[in-house]
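Derivation of every value follows stated rules applied to the coordinates shown; laboratory data play no part. As the structure is a computational prediction, the values presented were derived from the model and not from experiment. Backbone-built Cβ (ideal geometry, glycine too); neighbour counts: all protein chains shown.
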Amino acid sequence: MNIAFHSATDIIDILEKAGHEAYFVGGSVRDHLMGRSLGDIDIATSATPDQIQALFSKTVDVGAAHGTIIVVTEKDSFEVTTYRTDGTYTDNRRPDEVVFVKSLTEDLKRRDFTMNAIAMNKKGDILDPFHGKVDIERKVIRTVGEPSERFHEDALRMFRALRFCSQLGFAIDKETFLAIKKHAALMGNVSIERKTVEMEKLLLGKSMNLSVPSLIDTGLFKYLPLLKDKGEELGSLSSFPFHRLTSRIQLWTAFAYLLKIPDLEDFLNSWKLPKKVSKSVIMNITTMNHFMDEGWNRELIYYSGIEACLQSHEILLLLGMDKPTNRETIQKIDEALPIRGIKDIVANGNDLVQWRDQKRGKWISELLHDLEKNILNDLVQNEAGAIKEWVRSWQQK
Ligand code: ATP
Ligand code: MG
C-alpha cells in the first residue's frame, strides 16, 4: 500500500479497536489505484462525531453537524467523517439535513462519481460497490446513480466532473455528459466560493485541453461569474499551460489576461477573490500591457515593482511573448534603480517649502512626482545639493 497511508492507519486501528468500522475513502483511494501521488487522506467511519472526539486527544471540529472531525496526529491531520446519507435536497446545492448511518455502502452511495466512491481497509483491500475501479481503468467519470438526479441534488457535481476530467485526463461518461448539458443552468444555484475552488483546480489540471471544450459544449461556462459572453475567449485557454504556473496570483493573471477581461476589478470581485490577490492580478496585467507597448524599462520596473515584473515575465514566457534572458534584464534594471520609492528621495516636504520659500500646498506632491521621475531617469542625482538646485528652478504646470 502507498506509504502515505501508513500514519493514517493508526487512526483506523484506534477506531476499530473501539468497535467501529473505518476505511480510507474518496480521492486518496482513487489516486492510489491510479498510481498518482496522494492529496488529502480522508477516512469514513461508523463512529459518531462525539465518539471520534472521545477517542483522540487532538481533534478539530470542522463540521460535526455534517459528521466531519479533523484528527490531528504528530505529523499530519486527517478528516474523519461519520458514515452519512444526505437527506432531501431542495436548493440544488446542500442537503437539508444529513443523517448518520451505519452502512459504508450507504455512505459511498452519496458520493459524486464511481471513482470517488471506493473504500479501502487498512490492509489495502478494496470495497467497490459501484464499480469505480473499472471506470478508473477505462478512464471514465460516471455519477453514482442516475446523473440528472445527482445533479439536481448538488449542481456543483457537474463542474466537478469537468475539473476531474482536467486533472485526470478521463472522459465523461455519455449519460453523465448529456445530463450536464441538460441541467447546466442548475449551476446558477451554486455558491461562488465553491465554483472558485473547482475553477482553480480545473485550470491547473494537465488535461485542461479536454475539459475546456466540454465547459463550452455543455454550456456550463454561462453559469460561472462573468463568463457568460466569453465562450470564444475560453477556447484560447486550452493551449496555455496553466499547470506550470506557481501561484494563485499567476493563475488568475493568466486566466483574466487570456479572457481579455475589460473590467478586471469587477471580474475578480465576482469570483470573490481576496483583495490582496485581486490587487496583484491587476498589477500584473497592467505590467503585461505596458511590456507589450514598451518592453522592460526602468519606469515599468519601478512603478510595478520587481515581483509583478518577474511574475508577468513568467506568464509572458509561457505565452511566447517574452524571451528567457529578460529575467536577468529585469533583475539588472531593478538593482540599478536610483530609488525604490518616493521615501528614498533625500529631501522632504519641509526642505521643499524652505528651498522654494513657498507656502505648503498641492504643489508639493506635484513636485515630488516630477522629481521622482527625474531621479529615476538620472536627470537629477538623489543628493541634497542637486535636488535643491532642481527644486528652485522647478516650474509648476
Ligand atoms: P482532490 O484530490 O482534488 O481533493 P477529491 O476526490 O478528494 O479530490 P474532494 O473535494 O476533496 O475531492 O472530496 C472528497 C470526497 O468527498 C470525494 O472523493 C467524494 O467522494 C466526496 N465529495 C466531495 N464533494 C462532493 C459532492 N459535491 N457530492 C458528492 N460527493 C462529494
Ligand atoms: Mg480531497
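Could you work out the pair-distance distribution P(r) of segment 226-369 from its alpha-carbon pairs, with 10 angstrom bin width and percents rounded to whole numbers?
P(r) over segment 226-369, rounded to whole percents: 10, 33, 28, 17, 9, 3, 0.
For segment 237-310, build the convex hull from the C-alpha positions and give me its volume per residue in Å³.
Values: hull volume 7.4 nm³, N = 74.
In segment 237-310, the Cα convex hull volume per residue is 100 Å³.
Which residue, chosen from Gln354, Met283, Leu300, occupies the Cα position most advanced towards the positive end of the dipole of segment 283-379, where the dipole is computed from +1 (Lys, Arg) and -1 (Asp, Glu) charges on Cβ about the Cα centre?
It is Gln354, whose Cα lies furthest towards the positive end.
Quick check: from the Cα gyration tensor, does segment 87-222 come out rounded (a/c under 1.5), prolate or oblate?
oblate
Residue separation times 0.36 nm, minus the C-alpha to C-alpha distance between Ser77 and Asn209: what's the value?
So the chain would gain 44.1 nm between Ser77 and Asn209.
I want to check the label-to-label distance for Glu232 and His369. Put each point 7 Å from Cα in the C-beta direction and report it in nm to one decimal.
The modelled label-to-label distance comes out at 3.7 nm.
Okay, helix-only estimate at 222 nm for the chain: each DSSP H run of n ≥ 4 adds -39500 (n - 2.57), divide by all residues, round to 500 deg cm²/dmol; what do you get?
Computed ellipticity for the chain at 222 nm equals -14500 deg cm²/dmol.
Using only alpha carbons, build the gyration tensor for segment 64-165 and give me the equivalent ellipsoid semi-axes, biggest first, whole Å.
One finds semi-axes of 22, 20, 14 Å for segment 64-165.
Relative to the Cα centre, what is the charge dipole magnitude of the chain, using +1 at the beta carbon of each Lys and Arg, -1 at the beta carbon of each Asp and Glu, and rounding to the nearest 20 debye?
Roughly 480 debye for the chain.
What spacing in nm lies between the two simple spin-label points modelled at Lys362 and Ser393, each 7 Å away from Cα in the Cβ direction?
Simple spin-label model gives 2.7 nm for this pair.
How large is the charge dipole for segment 11-161, taken about the Cα centre, if only the Cβ atoms of Lys, Arg (+1) and Asp, Glu (-1) carry charge, to the nearest 20 debye?
440 debye
Going by Cα centres, segment 168-189 and segment 227-264 are how many Å apart?
Rounded to whole Å, the Cα centres lie 22 Å apart.
If you find the alpha carbon centre of segment 103-146 and of segment 314-382, how far apart are they in angstrom?
60 Å
State which entries of Lys201/Lys222; Lys260/Lys397; Lys109/Lys133; Lys123/Lys201; Lys182/Lys275; Lys109/Lys228 exceed 26 angstrom in Cα-Cα distance in the structure shown.
Lys260/Lys397; Lys123/Lys201; Lys182/Lys275; Lys109/Lys228
Semi-axes, largest first, in whole Å: what does sqrt of 5 times each Cα gyration tensor eigenvalue give for segment 343-393?
Sorted largest first and rounded, they come to 17, 11, 9 Å.
Can you give me the relative contact order of segment 250-397 as a percent, contacts being Cα pairs under 8 Å and 6 or more apart? Mind showing how you got there, number by number?
Details: 110 pairs, mean separation 27.5, N = 148.
Once normalised by length, the contact order is 19 percent.
Share of Cα-Cα pairs in segment 153-251 beyond 20 Å, in percent?
So the pairs more than 20 Å apart make up 31 percent of the total in segment 153-251.
Could you work out Rg/(2.2 N^0.38 Å) for the chain, with Rg from alpha carbons only?
Scaled against compact globular proteins, the figure is 1.31.
Considering only Thr82, Ile136, Ala119, whose Cα is most displaced toward the positive end of the charge dipole of segment 1-138, charges sitting on Cβ of Lys, Arg (+1) and Asp, Glu (-1)?
Positive-most Cα among the choices belongs to Ile136.
With springs only between Cα atoms under 10 Å apart, run a GNM on the chain and tell me which of Ile141, Ile375, Ile330 wobbles the most.
Highest fluctuation of the listed residues: Ile375.
At 0.36 nm per residue, and after removing the present C-alpha to C-alpha distance, how many nm does the segment from Lys17 to Ala185 gain when stretched out fully?
Taking 0.36 nm per residue and subtracting the Cα distance, the gain is 55.7 nm.
As an exercise, take the mean of 1/r over every pair of distinct alpha carbons in segment 1-152, invert it, and state the Kirkwood radius in angstroms.
Result for segment 1-152, one decimal place: 15.8 Å.
For the peptides 109-117, 383-391, what is the packing order when you average, over each peptide's residues, the other Cβ atoms within 10 Å and list the highest mean first?
Numbers: 109-117: 23.3, 383-391: 14.9.
Top to bottom by mean Cβ count within 10 Å: 109-117, 383-391.
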